[in-house]
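The values are calculated or read from the model by the stated rules, or taken from the named source; none is laboratory data. Predicted model only: the values in this text are computed from it and were never measured. Quick reminder, even Gly has a Cβ in these numbers, built from the backbone with ideal geometry, and neighbours come from all protein chains shown.
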Amino acid sequence: MAPVVTAFDRNGGIDFERTITHCHWLLEHGCNGLVVFGTTSEANSLSLGERERLLEAIVGSGISPAQLLVGNGSCALPDAVELAAHALRVGCADVLMLPPFYYKAVSADGLFAFFAKFIDRVADPRLGVYLYHIPPVAQVGIPPALPDPDARVLMRELEALEFKLPRF
């Protein structure tokens with residue numbers, strides 16, 4: 001999987017055409033999947049509506065929802081739920097979830113409660129959750145084990161991949 005860079009126009013708006021061209025280029029050059037709205041995608045610089053419209057445009061361009069891991073990081077549980085529900089409505093089952101990064105020194109029990117409430121509120125058996133462990137950016141880490149061994153949360157640590165971006 002490769003992280004997607006969100007392109008912006010001169011006015012600070014999303015450049016949908018360049019972003020979608022970049023997505024197709026990545027897939028045409030050997031990537032089997034894309035991570036949208038992670039750190040590289042400037043997700044936390046975008047509104048919920050902008051993220052939703054760009055995801056719809058990416059899927060509408062012919063990219064299979066099964067090839068997308070959709071970041072839905074948010075400190076606000078209702079926003080994270082809304083973003084995940086939207087991703088599911090457009091066919092993307094897997095989401096990349098940050099911990100509630102505004103609050104520091106959250107206990108493992110507190111993190112588990114946040115993730116469990118998220119899963120319960122989305123309430124969709126298709127949902128796959130990948131926890132985004134990136135403490136240098138989020139300032140909150142995710143411990144190797146959460147308290148409940150039966151948690152429906154998949155623990156995956158994403159490895160950074162070195163890649164070169166072409167100019168579009």
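Which residues, taken from region 81-112, are within 17 Å of the chain's Cα centre (by Cα) and charged (D, E, K, R)?
Scanning region 81-112 gives Glu82, Arg89, Asp94.
Would you confirm whether any residue within region 43-55 is out of contact with any His (no Cβ under 9 Å at 6 or more places or on another chain) and at positive phi?
The answer is no, given that none of the residues of region 43-55 is out of contact with any His (no Cβ under 9 Å at 6 or more places or on another chain) and at positive phi.
Looking for whichever is hydroxyl-bearing (Ser, Thr, Tyr) and within 20 Å of Leu131 (Cβ to Cβ) here; the options are Thr6, Thr19, Thr39. Which one fits?
Thr39
Of the residues that make up region 124-133, is at least one assigned to a helix (DSSP H, G or I) and of a type in the set (A, V, I, L, M)?
There is no residue in region 124-133 that is assigned to a helix (DSSP H, G or I) and of a type in the set (A, V, I, L, M).
What number of residues in region 48-80 are among the polar types (S, T, N, Q) and within 14 Å of the chain's Cα centre (by Cα)?
Residues in region 48-80 being among the polar types (S, T, N, Q) and within 14 Å of the chain's Cα centre (by Cα): 3 in total.
Among the residues of region 101-111 satisfying the criterion of being assigned to a helix (DSSP H, G or I) and surrounded by fewer than 18 Cβ atoms within 10 Å (Cβ to Cβ), which is modelled with the highest pLDDT?
Asp109
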